[in-house]
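Asks: One structure coming up, written as structure tokens, with questions to follow.
Every number here is computed from the coordinates shown, using simple stated rules; none is lab data. Worth saying up front: this structure is predicted, and the values here are computed from it rather than measured. All Cβ positions, even for glycine, are placed from backbone atoms using ideal geometry, and neighbour counts span all protein chains on display.
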Amino acid sequence: MPDLLQIGGITDAMRDRLTPHFTIHKLGDGDYPADAITHIATNGHDGVPADIMAACTNLKMVSGYGVGYDAVDTDAAVARNVIVTHTPDVLNAEVASTAVMLMLTSFRNFLADEAHARSGAWERDGNAPLSRSADNRRVGILGLGRIGQAIADKLAPFNPDIHYHTRSQKDVPYTYHDTLKGMAETVEVIICITPGGPSTNKIVNAEVMEALGPDGTLINVSRGSVVDEEAMVAALQSGKLGYAALDVFEAEPKIPDALKTMSNVVLLPHVGSGTHETRAAMGDLVVDNLIDHLKTGKVRTPVPECAHLNPA
Ligand code: NAP
Ligand code: 8YV
């Protein structure tokens with residue numbers, strides 16, 4: 001059987017489906033036969049470290065659990081004819097729900113309200129303070145792709161005025177901004193949902209956050225690298241940025257301590273796609289890609305950079 005290197009965890013269901021087809025070696029569980037590895041299963045966080053990619057001289061395919069693949073060097077893969085796959089679409093609805101719930105939680109201040117109810121403060125001190133309505137807001141989506149569009153759709157009942165910034169204008173009925181700063185000056189909320197990587201590195205910088213302003217809300221469900229985290233902490237501390245609701249961070253699982261004490265911030269531990277149902281669908285697609293590659297040489301969902309390596 002071909003040898004597969006497992007980087008990070010896989011579910012029991014994934015292992016059960018893979019075991020009849022591959023000899024699985026888990027990275028970290030002792031030595032693995034680097035020269036024999038033809039397939040790698042990994043995730044969006046761990047990717048494929050450069051030394052492992054180099055050591056696996058017979059590598060043919062990398063199957064990623066997650067739609068974001070910024071942790072895999074696709075240039076290095078393409079240079080060696082290694083096809084990389086990811087798990088697009090099956091998580092759109094879940095990640096969109098996360099973004100919408102982050103927006104609702106931030107605007108309606110539900111975490112503080114829940115603490116107010118649970119702690120007995122309601123009986124002791126009276127009603128909780130009023131919050132901000134999430135209805136009728138000017139919402140700027142940074143990255144209107146598969147998930148960005150799902151966020152726009154899911155927000156529809158809240159009657160938003162949708163704006164977006166991407167590199168290329170889309171055929172959609174929303175207001176396009178060719179600069180992120182221009183969008184930040186116009187909207188009340190920015191929801192980040194671009195890929196990570198060099199082209200988006202810290203594009204939400206101090207200038208953008210100041211343009212969003214003291215009443216503005218920054219929501220990040222993309223990658224921590226998209227936002228200048230140090231500048232965000234400073235802007236939240238100084239009041240130049242009003243609120244933040246974050247699922248992703250620069251050095252996960254590390255969250256800057258300063259954010260943990262701020263009442264104008266909502267923090268999640270990168271759980272955008274983290275439900276049993278969606279993770280099962282992602283796991284199935286990871287395995288489908290691996291088994292299809294083994295049986296036919298063709299994969300279901302190559303990353304765009306590798307699409308030309310997939311047989312027609
Ligand atoms: P997608 O369909 O490829 O959409 C990406 C969008 O970002 C496109 O509209 C693209 O438009 C835009 N974009 C790319 N580079 C840009 C740049 N430099 N400046 C402005 N816009 C840019 O991807 P998706 O499936 O929606 O996923 C998006 C990302 O969400 C993933 O890559 C991942 O990082 C993140 N994600 C996070 C979670 C989580 O758990 N929090 C879960 C799933 C995904 P243009 O090409 O026209 O610029
Ligand atoms: C995953 C994600 O949890 O799909 C993505 O890009 O960020 C999440 O769905 C992550 O990739 C970890 O595997």
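Asks: Less than 22 Å apart at the alpha-carbon level, and either on another chain or at least 8 residues along: which lysines does that give for residue 254?
Replies: Cross-link targets: 202.
Asks: Just for the Cα atoms in the chain, what are the lengths along the principal axes, largest first, rounded to whole Å?
Replies: Ordered largest first, the chain gives principal extents of 66, 46, 34 Å.
Asks: Shifting gears a bit: For residue 1 and residue 260 in one chain, what is 0.36 nm times their gap in residues minus the Cα-Cα distance, to one decimal in nm?
Replies: Fully extending the segment from residue 1 to residue 260 adds 88.4 nm.
Asks: Could I ask something else about it? Place a point 7 Å from Cα of residue 78 in the direction of its Cβ. Which residues in segment 178-220 have their backbone N less than 19 Å from it?
Replies: Counting only backbone N, you get 195-201.
Asks: A further question on this structure: Any idea what the dipole of segment 92-267 comes to, in debye rounded to 20, about its Cα centre with Lys/Arg Cβ at +1 and Asp/Glu Cβ at -1?
Replies: Magnitude of the dipole: close to 200 debye.
Asks: Compactness ratio of segment 92-267: Cα Rg over 2.2 N^0.38 Å, N = residue count?
Replies: Ratio of Rg to 2.2 N^0.38 Å for segment 92-267: 1.02.
Asks: In the chain, what percentage of the DSSP-assigned beta bridges are antiparallel, given to the nearest 5?
Replies: 5
Asks: While we're on this one: In nanometres, what is the gap between the two model label sites at residue 124 and residue 237, each 7 Å from Cα along Cα-to-Cβ?
Replies: 3.0
Asks: Let me ask you something else. Name the shape class, rounded, prolate or oblate, that the alpha-carbon gyration tensor gives for segment 1-56, where a ≥ b ≥ c are the square roots of its eigenvalues, rounded holds for a/c under 1.5, and otherwise prolate holds if a/b is larger than b/c and oblate otherwise.
Replies: Since a/c reaches 1.5 but b/c is at least a/b, the shape of segment 1-56 is classed as oblate.
Asks: Among DSSP beta bridges whose residues both lie in segment 92-267, state the antiparallel percentage, nearest 5.
Replies: In segment 92-267, DSSP labels about 5 percent of beta bridges as antiparallel.
Asks: For a quick check: sort 94, 210 by the number of other beta carbons within 10 angstrom, fewest at the front.
Replies: Ranking 94, 210 by Cβ neighbours within 10 Å, fewest first, gives 210, 94.
Asks: Report, in whole Å, the centroid distance computed from the Cα atoms of segment 1-61 and segment 275-312.
Replies: If we compute the Cα centre of each part, the gap is 15 Å.
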